[in-house]
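The values are calculated or read from the model by the stated rules, or taken from the named source; none is laboratory data. Just so you know, these numbers come straight off a predicted model, no measurement behind them. All Cβ positions, glycine included, derive from the backbone under ideal geometry; neighbour counts span all protein chains shown.
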Amino acid sequence: MGGLGASMVASVEVFYGIRGKSSCELSIPETARLIVEVGFGVEVLLADHWTLKSRPSEETIAQLAELCATSSIMTTHARLNTWNPDAFRDEVALAARIGIPMMVIHPYVLGLDIEGCRPSESDVRDLCKYALDSGVRLALENLGKTGIGSLRRALDIVGTDPQKTGLGICIDVGHANRSCTIDGVRPEAFLREFREVIREVHIDDNFGEEDLHLPPGQGSIDWPPLIGAIDDLAEEVVLCLEITSEGDPIQTLRDARSFLLSTVSHA
């Protein structure tokens, strides 16, 4: 994406809010198109609507494929949030069919941090390799509950070369701000430790406890050092605004981008 001065990606979450609590009736393709039309790339959920977890209709699949072909970049966040290799392969295959090159996943998808779940390391590696062979890169996201440990364990199992393993890292700076209240690891430390394997960054804010997904600058994150660490990332790293909106979603995205760019200029 070329740093903060380049085109950013925005999650469709900005229209819906925290998952399961949405009052927006627009479909995923409809909100994705609105985001793309104002110059952002887009991160989607492979579903008909934000509140649904089932496979999307053929109409939605066709609409997303059409939009993917014309947008600067489209990524997706996995619907699945547990260890279920067959269901995950289906979702990866769907992303590949649409033309989406990258999927963000939670540690639970790889069987990490699930009580009583201990998949074999070879099964975890095979799942990542399936995505790689399908043309879909995986980006493992840190969570506020699991902190930095899940990312380290995953790389110990799968390996640290995303080009060979299919698994990179997505740092959610808001989640890192939450786990920092427990382990003291600041968000910028996540970015520095995983700099060589980061494929995406989720940009959002909070006050260190609840997962609020506020626009940057509306929580307690110290942004100048974080922006410095983001600027040190590779050119191809995707920067995604994964935020909620209390007003006009598109204006919220524009204001968030302006805040980040002004922080860069004053650093």
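Select from the range 15-53 the residues that are part of a loop (DSSP other than H, G, I, E, B), under 17 Å from the mean Cα position of the chain (by Cα) and under 20 Å from G174 (Cα atoms) and write down the one among them that is modelled with the highest pLDDT.
Here the answer is G17.
Find the residue count for the range 70-92, including only residues that are touching a Phe, Trp or Tyr at 6+ places or on another chain (Cβ under 9 Å), over 18 Å from I28 (Cα atoms) and part of a helix (DSSP H, G or I). Break it down into steps so the answer makes sense when it comes.
Applying the first criterion (touching a Phe, Trp or Tyr at 6+ places or on another chain (Cβ under 9 Å)) to the range 70-92 yields 71-72, 78, 80-83, 85, 88-89, 92.
Narrowing the set further to residues that are over 18 Å from I28 (Cα atoms) leaves 81-83, 85, 88-89.
Checking the rest, the ones that are also part of a helix (DSSP H, G or I) come to 85, 88-89.
Going through the range 70-92 one residue at a time, the tally reaches 3.
Name the residue that is surrounded by the most Cβ atoms within 10 Å (Cβ to Cβ), counting only residues in the range 111-143 that are within 22 Å of V238 (Cα to Cα) and aliphatic (A, V, I, L, M).
Across the range 111-143, the extreme among qualifying residues is L138.
Would you say S71 is without any contact (Cβ under 8 Å) to a residue 40 or more places away in the chain and out of contact with any Leu (no Cβ under 6 Å at 6 or more places or on another chain)?
Judged against the criteria, S71 is a match.
For residues that are in a helix (DSSP H, G or I) and either touching a strand residue (DSSP E or B) at 6+ places or on another chain (Cβ under 6 Å) or free of Cβ contacts under 8 Å to residues at least 60 places away in the same chain (or both), scanning just the range 219-229, find the one that is surrounded by the fewest Cβ atoms within 10 Å (Cβ to Cβ).
Filtering the range 219-229 down to residues in a helix (DSSP H, G or I) leaves 223-229.
Restricting the remaining residues to those that are either touching a strand residue (DSSP E or B) at 6+ places or on another chain (Cβ under 6 Å) or free of Cβ contacts under 8 Å to residues at least 60 places away in the same chain (or both) gives 223-226, 228-229.
On the way: W223: 22, P224: 11, P225: 15, L226: 23, G228: 15, A229: 19.
Ranking the candidates gives P224 first.
All but one of (1) buried (at least 21 other Cβ atoms within 10 Å of the Cβ); (2) within 16 Å of the chain's Cα centre (by Cα) hold for F88, so report the exception by its number.
(2)
Within the range 54-67, restricting attention to residues that are in a helix (DSSP H, G or I) and small (G, A, S), which residue is surrounded by the most Cβ atoms within 10 Å (Cβ to Cβ)?
So in the range 54-67, the residues in a helix (DSSP H, G or I) come out as 58-67.
Next, from what is left, pick out any that are small (G, A, S): 62, 65.
Numbers: A62: 13, A65: 15.
The residue in question is A65.
Each row is one residue, and each column tells you yes or no for (1) among the small types (G, A, S); (2) more than 13 Å from R97 (Cα to Cα).
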{"position": "L46", "(1), (2)": "no, no"}
{"position": "T51", "(1), (2)": "no, yes"}
{"position": "S54", "(1), (2)": "yes, yes"}
{"position": "A69", "(1), (2)": "yes, no"}
{"position": "S72", "(1), (2)": "yes, yes"}
{"position": "H77", "(1), (2)": "no, yes"}
{"position": "N84", "(1), (2)": "no, yes"}
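Which condition number in (1) small (G, A, S); (2) in a helix (DSSP H, G or I); (3) farther than 20 Å from G168 by Cα is the one that S122 fails?
Going through (1) small (G, A, S); (2) in a helix (DSSP H, G or I); (3) farther than 20 Å from G168 by Cα one by one, S122 breaks only (3).
Only one of T51, T70, T75 is buried (at least 21 other Cβ atoms within 10 Å of the Cβ) and not charged (D, E, K, R); which?
On the way: T51 fails: buried (at least 21 other Cβ atoms within 10 Å of the Cβ); T70 fails: buried (at least 21 other Cβ atoms within 10 Å of the Cβ).
Of the residues listed, the single one that is buried (at least 21 other Cβ atoms within 10 Å of the Cβ) and not charged (D, E, K, R) is T75.
If I filter the range 195-218 down to residues being charged (D, E, K, R) and in contact with a strand residue (DSSP E or B) (Cβ under 7 Å, 6 or more places away or on another chain), which single residue comes out as surrounded by the most Cβ atoms within 10 Å (Cβ to Cβ)?
Applying the first criterion (charged (D, E, K, R)) to the range 195-218 yields 195-196, 199-200, 204-205, 209-211.
Still in the list and also in contact with a strand residue (DSSP E or B) (Cβ under 7 Å, 6 or more places away or on another chain): 199-200, 204-205.
Numbers: R199: 24, E200: 28, D204: 26, D205: 21.
That would be E200.
Taking the stated definitions as given, is Q251 polar (S, T, N, Q) and surrounded by fewer than 17 Cβ atoms within 10 Å (Cβ to Cβ)? Lay out the reasoning, then the answer.
Numbers: polar (S, T, N, Q): yes; surrounded by fewer than 17 Cβ atoms within 10 Å (Cβ to Cβ): yes.
When the stated conditions are applied, Q251 passes them.
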